[in-house]
Amino acid sequence: MPPRSRVTIKDVAAQAGVSVATVSKVLNQRYGVSAETFARVTAVIKDLGYEASLVAQSLRNHRTNVIGILVADIEPFSTELLKGAADAIRGTGFELVVYSAGGRTGDPHGWEQRYLTRLSGTLVDGAVLVTPAVDLEGLPGTPVVAVDPHTGRAALPTVDSDNLHGGRLATEHLLELGHRRIGLLTGREDLKSAQQRETGYRGALASAGVAVDETLVRRGDYDADVAAASARYLLSRPDRPTAIFAANDITAIAAIDAARELGLRVPEDLSVVGFDNIPESALCTPPLSTVQQPIREMGHRAVELLVRLINGTEPGETHITLGTELVVRQSTRPLTP
């Protein structure tokens, strides 16, 4: 069966027996249309299932009432953030469109600039960029809010969490349990928040008078396969660590799986702490101790800030850093002699 052709404004006008200009007035709720004609055109629009083109609407009104959210990929972090964004959009008169790079973010010139150029002006009124890799100023007339930007705070508005404090919390928790050989599975080296988590790890060890053993610091890259290989390396050593802090939950869960493959028990033989508190962290075996960053709230606050910028109202604070806190579950325990 051939696909149904798109209903046009001309189809509505012909069915209702009015001009295209009259249909346009009804769509834009302008004066000059009788109540009877308005009701008839509205009924035809509903009957035909006509939807105005966003591009045409933007050309007429210079607004689409659509906000774009650009993500590198759809994964646990961005999924949670999108839930918060969806909560924030209700009642604002705006809609959300999500644009994913599908993990194809290797362009040194920045995937965000390319996709923002495609969407801005005619498809969206503003955009939330999730973990952008370059320092973007946005495009003229296009408000942009960056969530967890790679470069840290920039000239454009940002929303992030206190990653430095979170890294300290995770490491201090393990230190308080008696662990001294604490491995680190790092995040992506190009991401400022990952660097801050590592700085928190190093700072907590220094404050406790524990020298950092650089051989215990291994790449995690926020990638389960990379982290699993690094964890197997650490845990196969004769002087293996008794605890691991992984820079996000996905890599922490990969470390638990690697320990299990090697015949090690978590937490009896190895304590593991993650970062993020994504839903999977509470569902894995054992449930993961982790540092919670308020990912949903980050999405919520980013959309709230962007709507204020689009509407030209006072945005208030334009660099928002949200708190992090430790969530203790069953993947950590005191070190036994």
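The values are calculated or read from the model by the stated rules, or taken from the named source; none is laboratory data. Given the structure is predicted, the values throughout are model-derived calculations rather than measurements. Please note: Cβ atoms are built from the backbone with ideal geometry, for glycine as well, and neighbour counts cover all protein chains shown. Side chains included, ligands, DNA and RNA excluded: accessible areas come from the protein's heavy atoms. Shrake-Rupley method; radii C 1.70, N 1.55, O 1.52, S 1.80 Å.
What a 1.4 Å probe finds exposed on segment 216-293 is 50% carbon and sulfur by accessible area, rounded to a whole percent. Put simply, the amide H of Gly126, placed in the peptide plane, has neighbours under 5 Å in Gly68, leaving out anything fewer than 5 places away on its chain. In the chain, the longest principal axis of the Cα atoms and the axis of helix 163-176 are about 30 degrees apart. Our summary gives segment 196-337 a relative contact order of 19 percent, counting only alpha carbon pairs under 8 angstrom and 6 or more residues apart.
With respect to the chain, whose longest principal axis is taken over its alpha-carbon atoms, helix 76-89 is tilted by about 40°. Length gained on full extension, Glu280 to Thr199, computed as 0.36 nm times the residue gap minus the Cα-Cα distance: 26.6 nm. With R₀ fixed at 22 Å, the C-beta to C-beta distance from Val210 to Arg232 puts the FRET efficiency at about 0.35.
Here is the size of segment 163-294 from its Cα atoms: Rg then Dmax, 12.9, 38 Å. With Rh defined as the Kirkwood radius, the inverse of the mean 1/r over Cα pairs, the Rg/Rh of the chain is 1.13.
Label positions at Glu36 and Asp11, each projected 7 Å from the Cα along the C-beta direction, are separated by 2.8 nm. Per residue, the accessible area of the chain comes to 47 Å², computed with a 1.4 Å probe over protein heavy atoms only. Remark: relative contact order (segment 9-52) = 44 percent; criterion is Cα-Cα distance under 8 angstrom and separation of 6 or more residues. Estimated purely from DSSP H runs of n ≥ 4, each contributing -39500 (n - 2.57), the mean residue ellipticity at 222 nm for the chain is -12500 deg cm²/dmol once divided by its residues. Taking 16 Å as the straight-line reach from the Cα of Lys10, the aspartates and glutamates in range (excluding those fewer than 8 positions away in the same chain) are Asp47, Glu51. The GluC sites (Glu not before Pro) found in segment 243-301 that occupy coil by DSSP, while having at most 16 further C-beta atoms within 10 Å, are Glu268.
The alpha-carbon atoms of segment 9-52 define a convex hull whose volume equals 59 cubic angstrom per residue. Of the residues Gly166, Gly316, Gly49, the one that moves most in a GNM of the chain with alpha-carbon contacts below 10 Å is Gly49.
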